[in-house]
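Here is the structure we will look at, set down as structure tokens.
The values are calculated or read from the model by the stated rules, or taken from the named source; none is laboratory data. All figures in this text were calculated on a predicted structure; none of them were measured in a lab. All Cβ positions, even for glycine, are placed from backbone atoms using ideal geometry, and neighbour counts span all protein chains on display.
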Amino acid sequence: MGELIMVGDRVLVSVDDGERKTSAGLVLPASVAEKEKVQSGRVVSTGPGYVTPNPEFSEGEMWSQTRDAIRYLPLQARAGDHAFFLRKEAIEIDFEGKSYLIIPHSAILALHRSHVDDILENLGSLDDLDHTDDSDNRG
């Protein structure tokens, strides 16, 4: 069929399977999970972000490079993240035989990201770490 492109600050989420077990061992059907205030699911794709004006844009300079009048402030959510969000903000859609929820980024309460590459990226390079002098450890 085609690609589903999110716009603005929208996030496409694939909802977790409905049935869950409580701590007491009771199985809750999917209809109960849908009525909860907070739901969770896997982020499938995100929009480009929040629209902001571009301070480098000028209509009066014909000789300058063409620049867009707007910029996008990127979203925190990324594809593959596990999102916890407010259910009342979600809009349910069916696309190519699958059910998804479209939610505004502001409805996301928390994200769980378990990508190893992202963890390593946040740690920074090894050069930034404090190194102790080996002569101090010799006694």
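This table checks each residue for (1) under 15 Å from residue 99 (Cβ atoms); (2) touching a Leu at 6+ places or on another chain (Cβ under 8 Å); (3) modelled with pLDDT under 75; (4) not β-branched (Val, Ile, Thr).
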residue	(1), (2), (3), (4)
4	yes, yes, no, yes
12	yes, yes, no, yes
17	yes, no, yes, yes
22	no, yes, yes, no
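Residues of the stretch 75-95 that are within 15 Å of residue 6 (Cβ to Cβ), hydrophobic (A, V, I, L, M, F, W, C) and surrounded by 15 or more Cβ atoms within 10 Å (Cβ to Cβ): 75, 77, 83, 85, 90. For residues that are among the small types (Gly, Ala, Ser) and modelled with pLDDT of 65 or more, scanning just the stretch 61-86, find the one that is nearest to residue 8 (Cα to Cα). Filtering the stretch 61-86 for residues that are among the small types (Gly, Ala, Ser) and modelled with pLDDT of 65 or more, the one nearest to residue 8 (Cα to Cα) comes out as 77.
Can you pull out every residue in the stretch 68-99 that is of a type in the set (Asp, Glu) and part of a strand (DSSP E or B)? Show your work before the answer.
Applying the first criterion (of a type in the set (Asp, Glu)) to the stretch 68-99 yields 68, 81, 89, 92, 94, 96.
Selection gives 92, 94.
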